[in-house]
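Q: Pasting a structure here, questions to come.
The values are calculated or read from the model by the stated rules, or taken from the named source; none is laboratory data. Because the structure is predicted, anything quoted here is derived from the model rather than measured. Methodologically, a virtual Cβ is constructed for each residue, glycine included, from the backbone with ideal geometry; neighbour enumeration extends over all protein chains shown. Protein only, heavy atoms only, side chains kept; ligands, DNA and RNA dropped before computing areas. Shrake-Rupley method; radii C 1.70, N 1.55, O 1.52, S 1.80 Å.
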Amino acid sequence: MSEIITMGEAMAMFVADDEAPLSQVNHFTKYLAGAEVNVSIGVSRLGHTISYLSQVGRDPFGEYIKCMLEKEHISTDFIKVNDEYPTGFQIKNKTSATDPEVVYFRKNTAASTIDPAFINQFDFTGAKILHVTGIFPALSDKTFKATLQAIQKAKQNQMLVTFDPNLRPSLWKSKEDMVRKINLLAEKCDVFMPGFKEAKRLTGLSTKEEIANHYLAKGIKKIIIKLGTTGSYMKEQKTQDSETFVKSFTVQPVDTVGAGDGFAVGILTGLLEGLSPSALLTRANAIGAIQVTHISDNEGLPTRDELDHFIASLSKKGVNSYEVTSGH
């Protein structure tokens, strides 16, 4: 059994070769995409094992996805092929000035039909972490219920459950539905890692400390908040609540998509390795920074040697950390 199980919708992604609005682009390069795919690739490249739970169509995109995952040494034992529904895909433009324009084709796809019964086909025994995002449960009522079932199954197997909300408002019925269901999922997880803007949207609170206290009061063990170019912050429940802040690395971004997924890779692998809070956030910040210097959502995710070299070469310029105990 793999150390980590994650679940989601893997897609083929076509990235524009030239900088222009998508309506004006004629040539694209194909890549593999999906937030959980990015996390899986990053985890595997750092020498850990991960299984990807999903469903693809019996079509060329589905074949491509399974082939690429296997090439990255990601277990596809939890992927089924569906004869009735297709594999999803997306197109993305190339830009260095702002977040790229992304258009999704994922309505009535094979992954969107996954339900609790689908989850129950698989044995989670022996896995240590279940990682979920807020994207997969937004695809349909079925996938939301499937996510709840996966979390319950993980808890029954004494697994740690990590959750990255990855808010995609366009996938939800309404903003209110998104906020309610994301918070419901968060409260069932052990480690919650929203971006600061996401967390403010989910809680209506304005500071990282208020947000952290809000979620810790709900029973979450660790709240980790991504602060963009500032850094990252973690507060956790111990005998005394303890908090950690680590400054970000300074890099020249090329494409910001995938930065949060890279950050999650650092958290997941750091948890498996028992890193200290400051080392955990340093790793997560570093992988996020590396990822934004590449166009693809996952091609830049580092190997162990590449990560160590990056941290060693830039840590003196970009990272300081401190750990404080509540009340100090």
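Q: Among Phe118, Val25, Gly228, which residue has its Cα furthest toward the positive end of the charge dipole of the chain, with +1 on Lys/Arg Cβ and -1 on Asp/Glu Cβ?
A: Gly228
Q: While we're here: Could you compute the FRET efficiency for Lys175 and Asp18, with r as their C-beta to C-beta distance and R0 at 22 Å, rounded to 0.05?
A: Computed FRET efficiency for Lys175 and Asp18 comes out at 0.05.
Q: On to the next question. To the nearest µm²/s, what D does Stokes-Einstein give for the range 144-244 at 10 °C and 1.306 mPa s, using the Kirkwood radius over alpha carbon pairs as Rh?
A: The Stokes-Einstein estimate is 113 µm²/s.
Q: Of the listed pairs Lys145/Lys200; Lys30/Lys80; Lys92/Lys175; Lys92/Lys153; Lys197/Lys238; Lys80/Lys197, which have alpha-carbon separations greater than 32 Å here?
A: From Lys145/Lys200; Lys30/Lys80; Lys92/Lys175; Lys92/Lys153; Lys197/Lys238; Lys80/Lys197, over 32 Å: Lys92/Lys153; Lys80/Lys197.
Q: Can you bin the range 158-216 into rounded, prolate or oblate? Criterion: square roots of the alpha carbon gyration tensor eigenvalues sorted a ≥ b ≥ c, rounded for a/c under 1.5, prolate for a/b above b/c, oblate for the rest.
A: Oblate, because a/c is 1.5 or more while a/b does not exceed b/c.
Q: Report, largest value first, the span of the C-alpha coordinates of the range 1-81 along each principal axis, in whole Å.
A: 46, 29, 18
Q: Pull out the extension gain between Lys197 and Ala117, defined as 0.36 nm times the separation in residues minus the alpha carbon to alpha carbon distance; nm, one decimal.
A: Additional length available on full extension: 25.3 nm.
Q: For Lys80 and Glu299, compute 0.36 nm times the residue count separating them, minus their Cα-Cα distance, and round to one decimal in nm.
A: 76.4 nm
Q: Among Pro277, Pro100, Pro194, whose mean-square fluctuation peaks in a Gaussian network model of the chain (Cα, cutoff 10 Å)?
A: Pro100
Q: Here is a further query. For the range 82-131, what is the charge dipole size about the Cα centre, in debye to the nearest 20, if Lys and Arg each add +1 at the Cβ and Asp and Glu each add -1 at the Cβ?
A: 240 debye
Q: Using 1/(1 + (r/R0)^6) with R0 = 35 angstrom and r between the beta carbons of Met1 and Asn26, what's the FRET efficiency to the nearest 0.05?
A: According to the calculation, E is roughly 0.15.
Q: Rounded if a/c is under 1.5, else prolate if a/b beats b/c, else oblate: with a ≥ b ≥ c from the C-alpha gyration tensor eigenvalues square-rooted, which is the range 95-211?
A: oblate
Q: How much accessible surface does His27 have with a 1.4 Å probe, in Å² rounded to 10?
A: Rounded to the nearest 10, the figure is 120 Å².
Q: With contacts defined as alpha carbon pairs under 8 Å and 6 or more residues apart, what's the relative contact order of the range 78-217 in percent?
A: The value is 17 percent.
Q: With every atom except the alpha carbons ignored, what do you get for Rg and Dmax of the range 1-149, in angstroms?
A: Reported Rg and Dmax, both Å: 15.6, 50.
Q: Let's test the formula: R0 of 30 Å, r as the Cβ-Cβ distance of Ser242 and Leu314. What FRET efficiency results, to the nearest 0.05?
A: 0.70
Q: Could you tell me which of rounded, prolate or oblate describes the range 61-135, using a ≥ b ≥ c as the square roots of the eigenvalues of the alpha-carbon gyration tensor, with rounded for a/c under 1.5 and, failing that, prolate when a/b is larger than b/c and oblate otherwise?
A: It is prolate, given that a/c is not under 1.5 and a/b is the larger ratio.
Q: Between Leu227, Leu301, Leu314, which gets the highest mean-square fluctuation from a Gaussian network model of the chain, Cα cutoff 10 Å?
A: Among Leu227, Leu301, Leu314, the largest GNM mean-square fluctuation belongs to Leu314.
Q: Based on the Cα coordinates of the chain, what is the per residue volume of their convex hull in Å³?
A: Hull volume over Cα atoms, normalised by residue count, gives 130 Å³.
Q: Let me ask something else. Using Cα pairs under 8 angstrom and six or more residues apart, how large is the relative contact order of the chain, in percent?
A: Computed value for the chain: 15 percent relative contact order.
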